[in-house]
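So the structure is just underneath, and the comments pick up after that.
The values are calculated or read from the model by the stated rules, or taken from the named source; none is laboratory data. Here the structure is a predicted model, which means the values were calculated and not measured. Note: ideal-geometry Cβ built from the backbone for every residue, glycine included; neighbour counts use all protein chains shown.
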Amino acid sequence: MSFSTQKTIRVLFVEDNPGDVRLMRLFLLGAEGIGPIELVHVDCLAAAIAQLRGGTHFDVVLLDLSLPDSTGVATLTRLQEASPHTAVVVCTGFDDPEFAIDAVHCGAQDYLVKGQGDGLLVYRSLRYAIERKRLERELVEAKRIAEDANRRKSRFLASMSHELRTPLNAILGFSEMIKEEMLGPIGVEKYIDYATDIFDAGTHLLGLINDVLDLSKVEAGRFQLLEEEVDLAELLAACLEMVSETAHLNHLTLIAPPSRGLPHLRGDARVIRQVLLNLLSNALKFTPPGGVITVHCASSIDGSYIVSVADTGCGIAPDALDKVMDEFQQADLTVARDHGGTGLGLPLSRRFMLLHGGNLSLSSQLGSGTTVTAHFPADRVSMPARVPA
Ligand SMILES: Nc1ncnc2c1ncn2[C@@H]1O[C@H](COP(=O)(O)OP(=O)(O)O)[C@@H](O)[C@H]1O
Ligand SMILES: [Mg+2]
């Protein structure tokens, strides 16, 4: 592409040294290979800002950083405040090139050292600066659009889940009444089975909807923890009780720590229960019959506390380890399809732990098992008061 076919570029040249002004004019005006340029010269920052605010359009500012009324990177910062969308090429003397590098970090599109190069080099620098600024604007705009779309998605998920929950309440409530024959005997046994299936499927669906609702709330920063003192021994026993039948049916051995000596955790009981249940249900889901699932609890030297769930199941391939902590990601789509699930358990659990100031970590060996660990920070851990003997 030849520059000479380009449209005129309007340059605001900010330079206080008359010798440098003359040299730049010689460089830029009329030299071979250089496209049309309109150069407006001012000799201080105040005059440059007045030009930019005056309504005249400039494609690019060629800016000396050491001016009578401003020096260093502050010159650039003040200029950008006056005209954030104009490209800037910084021009410095031999003795202050580090200013120029700082200036690029602060948003200048390029820098030139006075007296180096020739007109074509300066011209190229100006043109590329204009292009770069345009791309930068497009990226910023694309980011804004993506963030906006993400916010809308979260709002949509939140209102959608809310709308789905309302009819589900009727389905759950009435199927429960029917299966329990609350208003009198049904007579046909098969109907009780059907009502039970409706109730179970509805309960499952409610769990999924609640996960989506929780995630959209966490994403929007609107999830409020209901802080209370949680007895870990009690909570763990309740969770193990909930999964023990499935473990038994799948010929899996559940090993739990002794409940004595487990601490109290300050946190949201429902949320912590959900984290533990998610980890346990994954362990159950991804461990073949005959396997062992071990819950391990321990405190660290720094006073923080961990609860981990280890299994002897299929494990997760190394390249999928990072992925499975992201929303809707599953390590192996074929396995996931066999097992069902939406890929929300781990990411939601991790976000729940982050809300508690802790974290969730994952280690796994393909073919031999997975350990998922919930970390609680020290300030949430306290040992229960000892009951006198
Ligand atoms: N204990 C585990 N053993 C093997 N793979 C696991 C285990 N826990 C999680 N995974 C992998 O991580 C993925 C995401 O887990 P999760 O977020 O709980 O979603 P879901 O259980 O709905 O698939 C699972 O689909 C599975 O591929
Ligand atoms: Mg899961």
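Is it the case that some residue within segment 169-188 is touching a residue at least 24 places away in the same chain (Cβ under 8 Å), surrounded by 14 or more Cβ atoms within 10 Å (Cβ to Cβ) and either within 21 Å of the chain's Cα centre (by Cα) or closer than 30 Å to ASP326 by Cα (or both)? Reasoning before the result, please.
If we filter segment 169-188 for residues that are touching a residue at least 24 places away in the same chain (Cβ under 8 Å), which is where we start, we get 171-172, 175.
Then drop every residue that is not surrounded by 14 or more Cβ atoms within 10 Å (Cβ to Cβ), which leaves 171-172, 175.
Subset that is either within 21 Å of the chain's Cα centre (by Cα) or closer than 30 Å to ASP326 by Cα (or both): none.
There is no residue in segment 169-188 that is touching a residue at least 24 places away in the same chain (Cβ under 8 Å), surrounded by 14 or more Cβ atoms within 10 Å (Cβ to Cβ) and either within 21 Å of the chain's Cα centre (by Cα) or closer than 30 Å to ASP326 by Cα (or both).
Residue check, ARG151 against (1) assigned by TED's automatic domain parsing to the domain that holds LEU28; (2) touching a residue at least 60 places away in the same chain (Cβ under 8 Å), all met but one. Which one?
(1)
Looking at (1) in contact with a Leu (Cβ under 7 Å, 6 or more places away or on another chain); (2) acidic (Asp, Glu); (3) loosely packed, with under 15 Cβ neighbours inside 10 Å, can you tell me which one ASP16 breaks?
(3)
Among the residues of segment 258-294 satisfying the criterion of being under 21 Å from SER364 (Cα atoms) and away from ligand 2 (no atom under 16 Å from the Cβ), which is surrounded by the most Cβ atoms within 10 Å (Cβ to Cβ)? Working first, answer last.
We begin by selecting, within segment 258-294, every residue under 21 Å from SER364 (Cα atoms); these are 275-294.
Now restrict to residues that are away from ligand 2 (no atom under 16 Å from the Cβ): 288-292, 294.
On the way: PRO288: 12, PRO289: 8, GLY290: 10, GLY291: 19, VAL292: 15, THR294: 17.
Ranking the qualifying residues of segment 258-294, first place goes to GLY291.
For segment 14-33, check the following and say yes or no: at least one residue is within 17 Å of GLU131 (Cα to Cα), basic (Lys, Arg) and modelled with pLDDT of 90 or more.
Residues of segment 14-33 that are within 17 Å of GLU131 (Cα to Cα), as a first pass: none.
For segment 14-33, residues within 17 Å of GLU131 (Cα to Cα), basic (Lys, Arg) and modelled with pLDDT of 90 or more: absent.
Residues to consider are TYR111, TYR123; find the one that is in a helix (DSSP H, G or I) and of a type outside the set (A, V, I, L, M, F, W, C).
Details: TYR111 fails: in a helix (DSSP H, G or I).
Criteria check complete, one pass: TYR123.
Which members of segment 282-297 meet the condition of being touching a Gly at 6+ places or on another chain (Cβ under 7 Å) and of a type in the set (Ser, Thr, Tyr)?
THR287
If you check every pair at least six apart or on different chains, which have Cβ atoms under 8 Å apart with a residue in segment 29-56 that is under 21 Å from ARG127 (Cα atoms) first and a residue that is in a loop (DSSP other than H, G, I, E, B) and hydrophobic (A, V, I, L, M, F, W, C) second?
Close Cβ pairs (under 8 Å, with a partner that is in a loop (DSSP other than H, G, I, E, B) and hydrophobic (A, V, I, L, M, F, W, C)) amount to ILE37/LEU29; LEU39/LEU29; VAL40/PHE58; GLN51/PHE58; LEU52/PHE58.
What do you reckon, is ILE316 at pLDDT below 95 and either part of a strand (DSSP E or B) or within 16 Å of ligand 2 (Cβ to nearest atom) (or both)?
Details: at pLDDT below 95: yes; either part of a strand (DSSP E or B) or within 16 Å of ligand 2 (Cβ to nearest atom) (or both): yes.
Considered against the rule, which asks whether it is at pLDDT below 95 and either part of a strand (DSSP E or B) or within 16 Å of ligand 2 (Cβ to nearest atom) (or both), ILE316 comes out as yes.
Determine whether segment 234-257 contains at least one residue that is more than 12 Å from ligand 1 (Cβ to nearest atom), within 24 Å of the chain's Cα centre (by Cα), surrounded by 12 or more Cβ atoms within 10 Å (Cβ to Cβ) and not in a helix (DSSP H, G or I).
No, because not a single residue in segment 234-257 is more than 12 Å from ligand 1 (Cβ to nearest atom), within 24 Å of the chain's Cα centre (by Cα), surrounded by 12 or more Cβ atoms within 10 Å (Cβ to Cβ) and not in a helix (DSSP H, G or I).
Considering VAL104, VAL90, which residue is within 19 Å of ASP16 (Cα to Cα) and not polar (S, T, N, Q)?
On the way: VAL104 fails: within 19 Å of ASP16 (Cα to Cα).
Of the residues listed, the single one that is within 19 Å of ASP16 (Cα to Cα) and not polar (S, T, N, Q) is VAL90.
Just the residues that are more than 12 Å from ligand 1 (Cβ to nearest atom), surrounded by fewer than 22 Cβ atoms within 10 Å (Cβ to Cβ) and aliphatic (A, V, I, L, M), please, taken from segment 343-378.
The answer is LEU354, LEU355, ALA378.
Which helices (runs of 4 or more DSSP H) does segment 1-91 wholly contain that include 2 or more residues that are under 39 Å from the mean Cα position of the chain (by Cα)?
Values: elements: 18-28, 45-53, 73-82.
The qualifying helices (runs of 4 or more DSSP H) are 45-53, 73-82.
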